[in-house]
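Comments concern the structure below.
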Amino acid sequence: MKKIIALFCLFVSFTALAQDLQFSQNYAVPALVNPAMTGIMNGNIRFNAAYRNQWNSLMPNTPFRSIFAAAEVAFSGFRAYDRLAAGVMVYNDKGGTVGINTNTFQVNLAYNAALSETMYVSIGMSGGILQKSLDLSAAQFGNQYEGAYNASLPTGEIWTNTNLSRPDLGAGVLAYWTPSLRKNLFMGMGMYHVLRPDFGFTGYTKDILKGKMSAQVGGSFPISEKIDIVPSLYFINQQQAYQLMGGGFMRYIFDYQRRTGLEKALSIGTWARMVGGTQASLAAIIPVIKLDYDNLAVGVSYDVATNQLRTATSGNGGLEISLSYIVKTPQQQKKVVDCPRF
């Protein structure tokens, strides 16, 4: 059984090399979801951060931990109602038996063009550096098993480089309709790893990071004076794998200031994650709670595994925490910008 678990953990670790990190709270990491979402906010400056801890019960000494941070600023565009936006994004994703470490530094640029006072199209691009490294000190290989694991046996593997950095490019487009702050609809598409960088750590094979495609649709719709429903759907396809997340919030607004666009609200919701390649399955149910307090938003979610990993992880899933803070510059304090909440 120990051998099976060790090999499984090694398989999980190497599989993670071929896939990007994902957050369950997609709305909290817009710069990661689609570069065209850069600068779409009810303000001029936005700071986002997220933390995720996954598979702690399966690999207590080497769980997968992800940290994300981004900062964006929006300016007036070339025409009335247009906006030009720029941002930077960094993240670190670390964990697994072989100590996979992924770092990204990315710059996003987007132009939000007004088709009317309520209809917009945003086009965005991203570029940066993607770095991956391995720590093989705790790795175990099939050649090292002779009925039991023997660390003194050769691995049979040749590692030419365990620390690689590659340029990375992406792009996206987003259309959105915002007749009011509480009523909006958005839909978009993004593509990533256009350069298809090679992260082959051995000298005899390549490991091409496949391109990734994404699609997003969602909105916010008031159903009473103080209650909104906020549905969304996120789709990702990379290599032969895909992920579909669907669900939504019920948002209760305690206080709302139309003049400033600020609100105090509590949102409670649930998302479901479907994953698949040749066969689809329900991977997780994700309850989420989010508090908006004027410029600050805090979200907490927990992935409850529903597939085969539920037994292996003793039913424990992934904890995720997000923060968002939006600032209005002094000259914009009296202006209300109607933008969707992702």
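The values are calculated or read from the model by the stated rules, or taken from the named source; none is laboratory data. Remember, predicted model here, so these are calculated numbers, not experimental data. Counting neighbours? That spans all protein chains shown, and the Cβs are built from the backbone with ideal geometry, glycine included.
Out of GLN240, GLN257, one residue alone is under 20 Å from SER324 (Cα atoms), polar (S, T, N, Q) and without any contact (Cβ under 8 Å) to a residue 40 or more places away in the chain. It is GLN257. Inspect all residues belonging to the stretch 88-99 and state whether any of them is over 18 Å from the mean Cα position of the chain (by Cα), at pLDDT 95 or above, assigned to a strand (DSSP E or B) and not small (Gly, Ala, Ser). No, every residue in the stretch 88-99 fails to be over 18 Å from the mean Cα position of the chain (by Cα), at pLDDT 95 or above, assigned to a strand (DSSP E or B) and not small (Gly, Ala, Ser). Among the numbered conditions (1) among the basic types (Lys, Arg); (2) outside any loop (DSSP other than H, G, I, E, B); (3) within 30 Å of ILE100 (Cα to Cα), the only one that ARG196 does not meet is (2). Would a scan of the stretch 200-218 turn up a residue that is part of a loop (DSSP other than H, G, I, E, B), at positive phi and surrounded by 14 or more Cβ atoms within 10 Å (Cβ to Cβ)? No, there is no match, as no residue in the stretch 200-218 is part of a loop (DSSP other than H, G, I, E, B), at positive phi and surrounded by 14 or more Cβ atoms within 10 Å (Cβ to Cβ).
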